[in-house]
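Structure first, then comments.
The values are calculated or read from the model by the stated rules, or taken from the named source; none is laboratory data. This one's a predicted model, so the numbers in the text were calculated from it and none came from an experiment. All Cβ positions, even for glycine, are placed from backbone atoms using ideal geometry, and neighbour counts span all protein chains on display. Only protein heavy atoms, including side chains, enter the accessible area calculation; ligands, DNA and RNA are left aside. Shrake-Rupley method; radii C 1.70, N 1.55, O 1.52, S 1.80 Å.
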Amino acid sequence: GMRFSDVVIDEAAQTIEPETLIPLTKGCARAVLIGDHQQLGPVVKSRVAARAGLATSMFARLVAAGETVLMLEVQYRMHPDIASFASTQFYHGRLRDGVTAAERVGVSLLPGVREPLLWWDVVGVEASVPPSSSLRNEVEADAVLLLLGHLLTVGKVAAKDVCVIAAYEAQCTLLRGRVGAEVEVNTVDAFQGRQKEYVIVSTVRSNALQGGASVGFMKDQR
């Protein structure tokens with residue numbers, strides 16, 4: 001029996017459309033949708049439902065339809081070099097920096113590597129461990145441990161300032177068993193919206209040498 005003339009929906013780009021519609025049917029005269037359709041979308045496990053359009057949020061659909069959008073264009077978190085990649089890749093170059101490179105100076109990610117953004121091409125093979133269908137990649141896990149060891153021992157970075165993000169829960173389980181409890185290991189969706197001084201991302205999928213096999217949901221640029 002409750003009614004709301006004004007509705008504000010946070011993380012609107014991550015909600016399926018029916019979830020957004022429900023509060024709008026309660027007498028809404030004005031709605032504000034807050035989110036970022038360039039980040040993770042709704043989690044829809046049914047492929048049939050996803051193909052039918054349920055994986056597209058109302059937020060993303062309205063943006064695609066040309067609805068007026070107010071974009072927050074100044075970022076205060078990332079090193080400008082990292083923000084530059086995000087701006088070019090996702091925001092048509094519109095993202096501006098509220099911090100300077102001097103304010104985001106960190107230790108080298110690897111010996112002799114001073115760049116704040118490092119892509120490491122690791123050739124490994126992903127596999128599942130029955131009964132789970134989730135994937136893990138042992139070679140990538142070894143690479144993560146090398147990076148962590150360098151940051152924590154050589155760079156003297158505090159464990160609380162580092163996180164490891166993996167695309168698959170099985171990789172998280174593998175890494176948690178190796179890095180210990182001091183360093184946080186989590187999935188992309190579980191960590192989104194938070195921040196650390198150093199972030200290591202394990203994509204898990206690495207099968208270009210297997211005849212161009214599928215990379216699953218990793219094909220989604222978000």
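Computed values, structure above
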| read-out | value |
| --- | --- |
| Any hit, the stretch 8-21, residues being touching a residue at least 24 places away in the same chain (Cβ under 8 Å), open to solvent by 40 Å² or more (accessible area, probe 1.4 Å), closer than 20 Å to Leu70 by Cα and of a type in the set (A, V, I, L, M, F, W, C) | yes |
| All positions within the stretch 29-84 that are open to solvent by less than 50 Å² (accessible area, probe 1.4 Å) and either of a type in the set (Phe, Trp, Tyr) or in contact with a Phe, Trp or Tyr (Cβ under 6 Å, 6 or more places away or on another chain) (or both) | Leu33, Gly35, Gln38, Phe59 |
| Residue list for the stretch 5-58, filter: of a type in the set (A, V, I, L, M), part of a loop (DSSP other than H, G, I, E, B) and over 20 Å from the mean Cα position of the chain (by Cα) | Ala29 |
| Residues within the stretch 81-121 that are within 27 Å of Gln39 (Cα to Cα) and touching a strand residue (DSSP E or B) at 6+ places or on another chain (Cβ under 9 Å), tallied | 13 |
| For Leu145: the one exception among (1) within 24 Å of Cys172 (Cβ to Cβ); (2) open to solvent by less than 50 Å² (accessible area, probe 1.4 Å) | (2) |
| Failed criterion for Ser87 (all others in (1) farther than 24 Å from Gln221 by Cβ; (2) open to solvent by less than 30 Å² (accessible area, probe 1.4 Å); (3) not in a loop (DSSP other than H, G, I, E, B) hold) | (1) |
| Residue match in the stretch 103-121 (condition: assigned to a helix (DSSP H, G or I) and either within 18 Å of Thr203 (Cα to Cα) or open to solvent by 40 Å² or more (accessible area, probe 1.4 Å) (or both)) | yes |
| Count of the stretch 59-79 residues which are of a type in the set (D, E, K, R) and more than 21 Å from the chain's Cα centre (by Cα) | 1 |
